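Worksheet for the structure shown next.
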Amino acid sequence: MSRILLVHWNEDEAGERAARLRKAGHDVHVHARAADGAGLRKIRRDPPDVAVVDLTRLPSHGRDVGIWLRQQKDT
């Protein structure tokens with residue numbers, strides 16, 4: 001079972017996608033507040049196996065999140 005961080009900008013859509021991933025047997029943590037950097041920083045303590053960043057609504061923000069994740073030493 002993979003531990004997945006799902007970053008999405010819409011809580012309802014994030015919940016739907018997370019439900020599908022959970023049904024497939026994954027442990028999913030949803031981050032659905034684009035402006036909440038504190039939530040993302042929590043992953044330093046317990047990094048996920050995989051990060052999925054939704055790019056449908058705010059591609060530039062998603063790219064920035066991806067860059068930030070890549071720069072973290074533990075991720």
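The table that follows gives values for the structure above.
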item	result
Of residues in the range 43-75 being assigned to a strand (DSSP E or B) and of a type in the set (Val, Ile, Thr), the one surrounded by the fewest Cβ atoms within 10 Å (Cβ to Cβ)	Val50
Ser2 being modelled with pLDDT of 90 or more and of a type in the set (Ser, Thr, Tyr)	yes
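The values are calculated or read from the model by the stated rules, or taken from the named source; none is laboratory data. What you are looking at is a predicted structure, and each value in this text was computed from that prediction instead of being measured. We place every Cβ from the backbone using ideal geometry, glycine too, and count neighbours over all the protein chains shown.
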